[in-house]
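The values are calculated or read from the model by the stated rules, or taken from the named source; none is laboratory data. Every value quoted in this text rests on a predicted model; they were computed, and no experiment measured them. Note: ideal-geometry Cβ built from the backbone for every residue, glycine included; neighbour counts use all protein chains shown.
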Amino acid sequence: MADVEHTIGLLLGTEDDWPRAYEALLRRIGTITGPDGKTHRVNTERVTIEPFNLRDQPRHELVIDRLAYWYYHPREWLKKIALMDDVYLLNSPFTFQSMEKHAAYCAMMRLGLKVPETVLVPYKNPLDNSRYAYTAARYNQPFDLDRTAEQVGYPLYMKPYDGGAWVGVSKIRNPDELHAAYDASGERLMHLQASVEGYDVFARSLSIGPETMVMKFRPDQPMHSRYEVDHSFLSAEVGDEVVTISRLVNAFFRWEFNSCESLVRGTDVHPIDYANACPDVAITSLHYYFPWAMAALARWTIYCVVTGRRPRLDTDTSAYFEISDDSSLSYAEKLGEYRRLADAHFEVDRYRDFCASYLGHVDEIVHDWVTSEEFRSLLRETVRATYPVHEHERFLAHFGGLIDAWQRDHVVPPA
């Protein structure tokens, strides 16, 4: 028996592949001896939705949230356990508030990042609110949508200010497409954002705590082919900037399980989307990178509960703004200072020391797990649940081959 038992809650929607993988890894890791000299075991529990008394004591020390960005009842439960019980959350429900990307754009513009020109336009259709007609008649300024779009510049994108999964995103090349997309937006609040034309590569970085994987992303491909396995598609300097931006965003907003999309043109990194409350970690899309994601999630969550890492609900924006407002600093120097603050927030050095001292065996465990029948069974069941019968054989071979490639690239040397 472990000296200390920790319970991590999984607040889930429709996904089942990565939760099963995460649960399997924690079982295989078993107990570890922590820096306090005690043995620790981390267990999981899938959280159910039910009435809760605001004075109830939660069973969980940490909750991985994949649901509350659209389901408000569990979101309010997360707020309660964070405010009243100091439960550690991946991610903060206070700053996400249903994947609200608008504030993220504003904050990163203030910090000087190369966010494309962006304009928020009013609703196309009236809101379902009895006071709207009076307020709109008295205060809504008539505006010229065509002129607004011309000021942003064609081509541009129309995208929901709070959206996710590319829902409602349209590339606009001319006034006809502009009006068609705006008419279709209805009661959704939309941004117009300049397109970064002629970019060299689309980088998508998945961050889990202080770990980040930057992947080459091909948005025009079907989901199973969007992440291309390429280990040298960015220069070292540009890759480091993408990691810095990803970590900066997360530290700034207290997010710990998030993805960031950036367009790289030459040596310029243009972040275009970096507020994803439920980042894609499906085995059928991450494939080659899936074992890394599960290992990183296990390492970070174990670190948090074993070391008693305390949640930070407040956002120390002034420390970041002092850097952004310092006109004596170059862009590169500001990025370096942001990285210093972000690394301090995520306790990067302490985390690395912890992993080296107490979780050094995790890579071997992950490799053994990926080669096991348990993992192959998970892959088969996921493919069968995702694709029609006539495509099962094709996709089992496709994902199996990518996982085999990861195994070859990550052979753990014998102790």
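Report yes if Leu396 is out of contact with any Phe, Trp or Tyr (no Cβ under 7 Å at 6 or more places or on another chain), crowded, with 16+ Cβ neighbours inside 10 Å and free of Cβ contacts under 8 Å to residues at least 40 places away in the same chain, otherwise no. Quick ask: steps written out before the conclusion?
On the way: out of contact with any Phe, Trp or Tyr (no Cβ under 7 Å at 6 or more places or on another chain): yes; crowded, with 16+ Cβ neighbours inside 10 Å: yes; free of Cβ contacts under 8 Å to residues at least 40 places away in the same chain: yes.
The answer is yes for Leu396.
Just name the residue that is surrounded by the fewest Cβ atoms within 10 Å (Cβ to Cβ) out of those in the stretch 344-355 that are among the aromatic types (Phe, Trp, Tyr) and in a helix (DSSP H, G or I). Working first, answer last.
Residues of the stretch 344-355 that are among the aromatic types (Phe, Trp, Tyr), as a first pass: 346, 351, 354.
So of that shortlist, the ones also in a helix (DSSP H, G or I) come out as 351, 354.
Numbers: Tyr351: 21, Phe354: 19.
If we take residues in the stretch 344-355 being among the aromatic types (Phe, Trp, Tyr) and in a helix (DSSP H, G or I), then Phe354 is surrounded by the fewest Cβ atoms within 10 Å (Cβ to Cβ).
I need the full set of residues from the stretch 305-325 which are under 19 Å from the mean Cα position of the chain (by Cα) and hydroxyl-bearing (Ser, Thr, Tyr), in order please.
Taking the stretch 305-325 first, the residues under 19 Å from the mean Cα position of the chain (by Cα) are 311-313, 315.
Answer for the stretch 305-325, where residues must be under 19 Å from the mean Cα position of the chain (by Cα) and hydroxyl-bearing (Ser, Thr, Tyr): just Thr315.
Going through Gly9, Gly37, Gly13, Gly30 one at a time, which residue ends up being surrounded by 15 or more Cβ atoms within 10 Å (Cβ to Cβ) and in the same structural domain as Pro58 (by TED's automatic domain parsing)?
Numbers: Gly37 fails: surrounded by 15 or more Cβ atoms within 10 Å (Cβ to Cβ); Gly13 fails: surrounded by 15 or more Cβ atoms within 10 Å (Cβ to Cβ); Gly30 fails: surrounded by 15 or more Cβ atoms within 10 Å (Cβ to Cβ).
Exactly one of Gly9, Gly37, Gly13, Gly30 is surrounded by 15 or more Cβ atoms within 10 Å (Cβ to Cβ) and in the same structural domain as Pro58 (by TED's automatic domain parsing), namely Gly9.
Scan the stretch 78-91 and tell me whether some residue there is under 17 Å from the mean Cα position of the chain (by Cα) and under 27 Å from Gln193 (Cβ atoms). Outline the logic, then answer.
Initially, the stretch 78-91 is screened for residues under 17 Å from the mean Cα position of the chain (by Cα), giving 88-91.
Adding the requirement that they be under 27 Å from Gln193 (Cβ atoms) leaves 91.
Yes, some residue in the stretch 78-91 is under 17 Å from the mean Cα position of the chain (by Cα) and under 27 Å from Gln193 (Cβ atoms).
Filter the stretch 61-88 down to the residues that are in contact (Cβ under 8 Å) with a residue 12 or more places away in the chain and of a type in the set (Asp, Glu), then identify the one that is nearest to Glu50 (Cα to Cα).
Out of the qualifying residues, it is Asp65.
Conditions (1) within 28 Å of Glu261 (Cβ to Cβ); (2) surrounded by fewer than 17 Cβ atoms within 10 Å (Cβ to Cβ), marked per residue:
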{"position": "Ala136", "(1), (2)": "no, yes"}
{"position": "Gly153", "(1), (2)": "yes, yes"}
{"position": "Arg173", "(1), (2)": "yes, yes"}
{"position": "Glu177", "(1), (2)": "yes, no"}
{"position": "Gly186", "(1), (2)": "yes, yes"}
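I'd like the full set of residues that are within 16 Å of Leu359 (Cα to Cα) and of a type in the set (A, V, I, L, M, F, W, C), limited to the stretch 26-57.
Hits for the stretch 26-57 are Leu26, Ile29, Ile32, Val42.
Pick from the stretch 260-304 the residues that are under 14 Å from the mean Cα position of the chain (by Cα) and of a type in the set (D, E, K, R): which of them is nearest to Arg380 (Cα to Cα)?
Here the answer is Asp280.
Taking Arg59, is it within 21 Å of Ile208 (Cα to Cα), surrounded by fewer than 19 Cβ atoms within 10 Å (Cβ to Cβ), among the basic types (Lys, Arg) and touching a strand residue (DSSP E or B) at 6+ places or on another chain (Cβ under 9 Å)?
Numbers: within 21 Å of Ile208 (Cα to Cα): no; surrounded by fewer than 19 Cβ atoms within 10 Å (Cβ to Cβ): yes; among the basic types (Lys, Arg): yes; touching a strand residue (DSSP E or B) at 6+ places or on another chain (Cβ under 9 Å): yes.
So Arg59 does not fit the description; no.
For the stretch 200-232, what are the residues that are at pLDDT 95 or above and of a type in the set (A, V, I, L, M, F, W, C)?
Within the stretch 200-232, Val201, Phe202, Ala203, Leu206, Ile208, Met213, Val214, Met215, Phe217, Val229 qualify.
Any idea which of Thr39, Thr48, Thr14, Thr33 is touching a helix residue (DSSP H, G or I) at 6+ places or on another chain (Cβ under 9 Å) and of a type in the set (Ser, Thr, Tyr)?
On the way: Thr39 fails: touching a helix residue (DSSP H, G or I) at 6+ places or on another chain (Cβ under 9 Å); Thr48 fails: touching a helix residue (DSSP H, G or I) at 6+ places or on another chain (Cβ under 9 Å); Thr14 fails: touching a helix residue (DSSP H, G or I) at 6+ places or on another chain (Cβ under 9 Å).
When all the criteria are applied, what remains is Thr33.
Which helices (runs of 4 or more DSSP H) sit wholly inside the stretch 251-343 and have at least 2 residues that are touching a residue at least 12 places away in the same chain (Cβ under 8 Å) and surrounded by 21 or more Cβ atoms within 10 Å (Cβ to Cβ)? I'd like the intermediate steps shown before the answer.
Numbers: elements: 283-286, 290-307, 317-324.
The helices (runs of 4 or more DSSP H) meeting that bar are 283-286, 290-307.
Would you please list the contacts, defined by Cβ atoms under 6 Å and residues six or more apart or on different chains, that run from a residue in the stretch 1-22 that is farther than 14 Å from Leu90 by Cβ and touching a residue at least 40 places away in the same chain (Cβ under 8 Å) to a residue that is part of a strand (DSSP E or B) and of a type in the set (D, E, K, R)?
Hits for this filter: Thr7/Glu45.
The conditions are (1) surrounded by fewer than 16 Cβ atoms within 10 Å (Cβ to Cβ); (2) in a loop (DSSP other than H, G, I, E, B); (3) touching a residue at least 40 places away in the same chain (Cβ under 8 Å), and Asn129 fails exactly one of them. Which is it?
All conditions pass for Asn129, except number (3).
Within the stretch 127-148, is even one residue over 15 Å from Gly9 (Cβ atoms), within 21 Å of the chain's Cα centre (by Cα) and not basic (Lys, Arg)? So that I can check it myself, show each step before the final result.
Step one: of the stretch 127-148, the residues over 15 Å from Gly9 (Cβ atoms) are 127-148.
Remaining after also requiring within 21 Å of the chain's Cα centre (by Cα): none.
Among the residues of the stretch 127-148, not one is over 15 Å from Gly9 (Cβ atoms), within 21 Å of the chain's Cα centre (by Cα) and not basic (Lys, Arg), which makes the answer no.
May I ask you to list the residues in the stretch 184-235 that are assigned to a loop (DSSP other than H, G, I, E, B) and farther than 30 Å from Thr148 by Cα?
Here is the first cut: in the stretch 184-235, the residues assigned to a loop (DSSP other than H, G, I, E, B) are 186-189, 195-200, 209-210, 218-222, 226, 229-235.
Matches in the stretch 184-235: Gly209, Pro210, Gln221, Pro222, Arg226, Val229, Asp230, His231, Ser232, Phe233, Leu234, Ser235.
Has the stretch 126-139 got at least one residue that is among the basic types (Lys, Arg) and touching a helix residue (DSSP H, G or I) at 6+ places or on another chain (Cβ under 9 Å)?
No; the residues of the stretch 126-139 include none that is among the basic types (Lys, Arg) and touching a helix residue (DSSP H, G or I) at 6+ places or on another chain (Cβ under 9 Å).
Quick check, is Met109 touching a residue at least 12 places away in the same chain (Cβ under 8 Å), outside the structural domain of Leu11 (by TED's automatic domain parsing) and within 26 Å of Leu263 (Cβ to Cβ)?
When the stated conditions are applied, Met109 does not pass them.
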